[in-house]
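Each remark here refers to the structure printed beneath this line.
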Amino acid sequence: MSDSIDGAESDEDRQEFFSTEKMQVSLKRAATVLETIIDKTSTTHGITEYYRALLFVRIAFREMRQIPDVFDLACQFNINNLGAKFSESLQSFGGNQTEIEFVISYCYRFVVEFELKAYQNMADDLVEVHSELDGMFFSEYKIISRQVRYAKNHMAIHILREYINHPHMSTLKALPDSIKFSEAARVRSDEDLSKREERVSALETKLKGYENAYNFVGLYQGFSNLRETKNQEKTSTFRFLIVLGVCLIVVPIMKVLGVIGHSEDLIKELFSVAALLALELMLIYFFRIALHNFRAIKSQMLQIDLRMTLCQFINSYVEFASDARKSDKELLSRFEQIIFSGIVSEDSLIPSTFDGLEQVAKIVDSLKPK
């Protein structure tokens, strides 16, 4: 059986070794065999270094069986390097001197690594027998002597070297560069974010301008639709004026030309003329109303045109006024009065119906005999 000291580097993943059922059975069997060897040695050789080493192995076996998970976690270096050999030695453990020396050597290495790396302290009796072995040289037992010297002088260095060369440690070495790279990336990200915020602010300003422009375009379109409606009203009113004007002229001409018959009876003729005059007065009355409406519609269209014109330069007006008079709260009051005021229709100027009746009454009074 080989007694190789150092071996391959440990695997990255933790290996279950002492906590496996197979190892627990082997440890129990080896402990039973060990008790026989201890009794025989104490009778034959007395209390010697070798006997104390056997006592050390007995306590080590006990701890490996009681806290196998802790040994698995703390002893990965030796599990990887000599775990298979230790398992074979336990399975064939008997009275062979060489096998006993290997078991002592392996237990010593496991306990030393446990002391270096375990998160909990060793049992007091294990600490005591381990301390006693530290002062022994085992000059008569070459295998034990070599392994003990290795565990004392070199194993800790090999464990440390394994840690230093571990991929995780390599990543840790690169941490300063990673921090610098991360800081540079953060600075670039902040700069990029600032530029993006500036672009977003610029876009927001433009969007607000477009929104204002769109609002005034909508207002302009509303006025335009209103103007179109008023233009249609103006056209209809103008045509009605023409019809009324033609009627005012045609009715007297028809009477003069005889299209409307004459009566020899003077009274009937007077009534006929009076009716024609009343018709003419009614036509004149409605002509006046239609003419007034036509003028009112033209006035309303003029006001609508004024509003449409003001909407075209409102943005420039607001910018200029804001820069020129920032402290003036009534900056747009005049503009709002003009834009949002009602369309003047001048209803008070429309002649009432009774105006025409009064004229007819005066004519009738003038025809009565006095």
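Quick note: the coordinates plus some simple rules give every number you see, no bench work behind them. Just so we're clear, the structure is a prediction, and the values are computed from it rather than from any experiment. No Cβ is skipped: glycine too gets one built from the backbone with ideal geometry, and neighbour counts run over all protein chains shown.
With the simple model of a label 7 Å out from the Cα in the direction of the Cβ, residue 96 to residue 69 spans 3.5 nm. Given the pairs 234/255; 206/230; 28/85, which span a C-alpha to C-alpha distance of over 29 angstrom in this model? 234/255; 206/230, as the Cα separations exceed 29 Å there. At an R0 of 25 angstrom, the distance between the Cβ atoms of residue 127 and residue 15 translates into a FRET efficiency of 0.45. For residue 302 and residue 221, a Förster radius of 25 Å and the Cβ-Cβ distance give a FRET efficiency of 0.85, rounded to the nearest 0.05. Under the simplified labelling scheme, the residue 120-residue 238 pair shows an inter-label distance of 10.8 nm, with each label point 7 Å from Cα along Cα→Cβ.
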